[in-house]
Amino acid sequence: MSPKTLYDKIWDAHVAHEAEDGTCLLYIDRHLVHEVTSPQAFEGLRMAGRSVRAPDKTIAVPDHNVPTTLDRADASTMTEDSRVQVAALDKNAKDFGIHYYPVSDVRQGIVHIVGPEQGWTLPGMTVVCGDSHTATHGAFGALAHGIGTSEVEHVLATQTLIQKKSKNMKVEITGKLKPGVTAKDITLSVIGATGTAGGTGYVIEYCGEAIRDLSMEGRMTVCNMAIEGGARAGLIAPDEKTFEYCKGRPHAPKGAEWEAAVAYWKTLFTDEGAHFDKVVTIKGEDIAPVVTWGTSPEDVLPITAAVPAADDFEGGKVGAAQRSLDYMDLKPGTPLSDIAIDTVFIGSCTNGRIEDLRAAANILKGKKIAVKRAMVVPGSGLVRAQAEEEGLADIFKEAGFEWRLAGCSMCLAMNPDQLQPGERCAATSNRNFEGRQGRGGRTHLMSPQMAAAAAITGKLTDVREMM
Amino acid sequence: MEKFTTLSGIAAPMPLVNIDTDMIIPKQFLKTIKRSGLGANLFDEMRFTQDGAEIPEFVLNQPAYREAQILVAGDNFGCGSSREHAPWAIADFGIRCVISTSFADIFYNNCFKNGILPIVLPEDQRDILMKDAEKGANARIEVDLEAQTVTSSDGETFTFDVDPFKKHCLLNGLDDIGLTMEKAAAIDTFEAEASAARPWV
Ligand code: SF4
């Protein structure tokens, strides 16, 4: 047998039908559903008199729209649109008999945090969700990607997806990371190096010592942003850390089934000599703590650098860079560490896990914020509870952070947590597009440590100076 | 998806060129959680005043055309965004067929996914049908997808082209989901084998 990549193996194990032109029906093991991209899909099922083929493999949780303020049990804190969408999900989950974590459930949270936390996401699975950051689940060695509403309906009805296979790309991060450098810096640096279209047409496998050294939380952060690099999905081969993370989770296998599962999971790695269509190698020790300066996730620079000029770029990027500089209101040559920040947002499916909160709290301990507004939005109710138990919540509150309930919050301007026009935010989320966090809002992406450091000084800051 | 075999219906004339998806369904109606019900807002800004009163001159508000099932339209129908709300709104209103000289690509494909037959005809033939449509409810246009013909109220018949696969799907009411369901046996087999091999999934 010819050697296979991890992606080849998972793909081959899920092809339920292949047409002559190579179009496949890929069987889906887990379908995650949230309130924004699903209503028309359920509506479509109703109109056609269809049911959900595998309700047991379908998990729903509202996250994008839900307020994260403490008073959210009161539905009047939601806008009309949000209330209608959340109510629709309540009803659809009930009518079609799928697993559901309502807003009132402590396990509610961002769909990509809830899936792994509850043990729904396991190695070797195919996972889809009507959301582009489904790539997150690739950290477990699961083939996971986002789909559109018509595909949501297709998966609900048939438990398959019509797909053509992508190409294989390897991103290797060699060696060790320097102190102060995190998974977020890895993933941003990769996008900075390859561009937002660098992964287009590919499924990326992240590997190398620096990736192996990451915790599961860190691996999720890396895979989460594979989509920002244009890839269909990001993958990391499962290992003992993965098994350890999964063990004992509510929906992970138990007993003999667990043993069988682990035995299978151990076969999920890229064979020696398997072919990759594209390879990118980055030295771990070359990665610095980074921030974004522009309005594309590829606009990445080490915190020690200065704002670039538009003509530092080539071709179409010159105009785009100028537009970014204007939108971000930045002057070329300004040291990044001189940029003053109004707001700090720690959360999202990229960096809303317990380890992220620990890292930020570690920097904030005993300090006060110097920004107008700072908020922490845990990725799930369980992350929130654990952070309270560990005393992290107190550190945040004493520093002057708002301690919120779980949801997508200020990652996207779809709920009341939004930036005002011109407001500048240090954010741990994944997209710095124009208007992403609110019309006219300016977003700098970075790691939780770097966001905490910015909160303390009121400007973009090299966290290494505080360590 | 509803099948499309033959249709005999009233055709509404819309000679305007470049009717875009914003005209078909303005963006304030996209926040809905439904794909049904959009027919009430089809061509909203052309059909109603700001305060919701009907604009009597608009073709679909005229008594003869309130039950129209066919549109005969100007060039480049359906240009603009990829929103599937446009064909949803058209189908929900009850229109099953649009005849024009040309369509925007995404809209054209979206029609087939939603049980609507878009027919491309040369300008002179479209114009004959446009005149026909202007006669109001007395003129019924006949469409036969199997035979790939459109027949005017005077009995003049034109043939049209359609991709054989799209035709097959529409004739049999097969959307992507319907097509996949034709392979249910393969999915069943796969599912049984997979759950034996990986019972924990
Ligand atoms: S946290 Fe942000 S990126 Fe993640 S699912 Fe929510 S909106 Fe999408």
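The lysines whose alpha-carbon is closer than 24 Å to the alpha-carbon of A:Lys94, local same-chain residues fewer than 8 away aside, are A:Lys57, B:Lys31, B:Lys34. Bridge orientation summary for chain A: considering DSSP beta bridges with both residues in this region, about 25 percent are antiparallel. The trypsin sites (Lys or Arg not before Pro) of the range A:172-257 meeting both criteria, a DSSP state outside H, G, I, E and B (loop) and at most 16 other C-beta atoms within 10 angstrom of the site's C-beta, are A:Lys176, A:Lys247, A:Lys254.
Mean partner shielding of peptide A:12-21, defined as the number of other chain Cβ atoms within 10 Å of each residue Cβ, is 3.
Between A:Ala374 and A:Val344, A:Glu402, the built amide H atoms are under 5 Å apart, and every one of these is 5 or more places off in sequence or on another chain. Phi angles across the range B:131-140 convert, under the Karplus curve 6.51 cos²θ - 1.76 cosθ + 1.60 with θ = phi - 60°, into 3J(HN,Hα) values of 4, 4, 4, 5, 6, x, 5, 6, 9, 9 Hz, Gly and Pro given as x. Residues whose amide H falls under 5 Å from that of A:Val66, counting only those 5 or more places apart or on a different chain, are A:Cys408, with hydrogens built in the peptide plane. The 3J(HN,Hα) values that the Karplus relation (6.51, -1.76, 1.60; θ = phi - 60°) gives for the range B:35-47 are, in residue order, 10, 8, x, 6, x, 4, 10, 4, 6, 3, 6, 8, 8 Hz. Gly and Pro appear as x. Inter-chain neighbour count for B:175-186: the average number of beta-carbon atoms from partner chains within 10 Å of each residue's beta-carbon is 6. Here the range B:33-66 and the range B:1-23 have alpha carbon centers that stand 14 Å from each other.
Cβ-Cβ distance of B:Asp105 and A:Asp394, R₀ of 45 Å, FRET efficiency by 1/(1 + (r/R0)^6): the value works out to about 0.20. Our summary gives chain A a relative contact order of 17 percent, counting only alpha carbon pairs under 8 angstrom and 6 or more residues apart. Residue ranges A:194-206, A:20-32 sort as A:194-206, A:20-32 when ordered by packing (mean number of other C-beta atoms within 10 Å per residue, highest first). Close amide-amide hydrogen proximity is noted between A:Glu423 and A:Arg442, each under 5 Å apart and 5 or more residues distant or on a separate chain (H modeled in the peptide plane; Pro and chain starts excluded). Note on chain B: with a GNM built from Cα contacts shorter than 10 Å, the maximum mean-square fluctuation among B:Lys31, B:Lys135, B:Lys113 falls on B:Lys31.
Of the cross-linked pairs A:Lys241/A:Lys283; A:Lys165/B:Lys183; A:Lys167/A:Lys254; A:Lys254/A:Lys278; A:Lys167/B:Lys27; A:Lys178/A:Lys278, those separated by over 31 Å at the C-alpha level are A:Lys167/A:Lys254; A:Lys254/A:Lys278; A:Lys167/B:Lys27. The string of couplings for the range A:81-92 from the Karplus curve (6.51, -1.76, 1.60, θ = phi - 60°) is 4, 5, 4, 5, 5, 5, 5, 5, 5, 3, 5, 5 Hz, one whole number per residue in order, with x for Gly and Pro. Taken along its three principal axes, the alpha carbon spread of the range A:178-234 comes to 32, 18, 16 Å, from the longest extent down to the shortest. For the peptides A:37-47, A:343-353, A:92-102, A:438-448, residues were scored by their other Cβ atoms within 10 Å and the scores averaged per peptide; the highest-first order is A:343-353, A:438-448, A:37-47, A:92-102. Under a Gaussian network description of chain B, with springs only between Cα atoms under 10 Å, the residue in B:Thr101, B:Thr180, B:Thr159 that fluctuates furthest is B:Thr180. The helix-only estimate of mean residue ellipticity at 222 nm for chain A, built from DSSP H runs of length n ≥ 4 each weighted as -39500 (n - 2.57), is -9000 deg cm²/dmol after division by the residue total. Legend: calculated FRET efficiency, B:Ala196 to A:Glu244, from the Cβ-Cβ distance at R0 = 30 Å, rounded to 0.05, equals 0.65. Please find the FRET efficiency linking A:Lys254 to A:Ser104, where r is the Cβ-Cβ separation and R0 is fixed at 35 Å, and quote it to the nearest 0.05. Efficiency computed from Cβ-Cβ geometry: 0.80. With a 10 Å cut-off around each Cβ of A:156-167, the average count of Cβ atoms from other chains is 3. For the pair A:Ala310 and A:Thr281 in one chain, pulling the backbone fully straight at 0.36 nm per residue adds 7.7 nm over the alpha carbon distance. Please work out the C-alpha center-to-center distance from the range B:107-135 to the range A:10-78 and express it in whole Å. If we compute the Cα centre of each part, the gap is 35 Å.
Computed from the coordinates by the stated procedures, all read-outs in this text should not be read as laboratory data. Remember, predicted model here, so these are calculated numbers, not experimental data. Methodologically, a virtual Cβ is constructed for each residue, glycine included, from the backbone with ideal geometry; neighbour enumeration extends over all protein chains shown.
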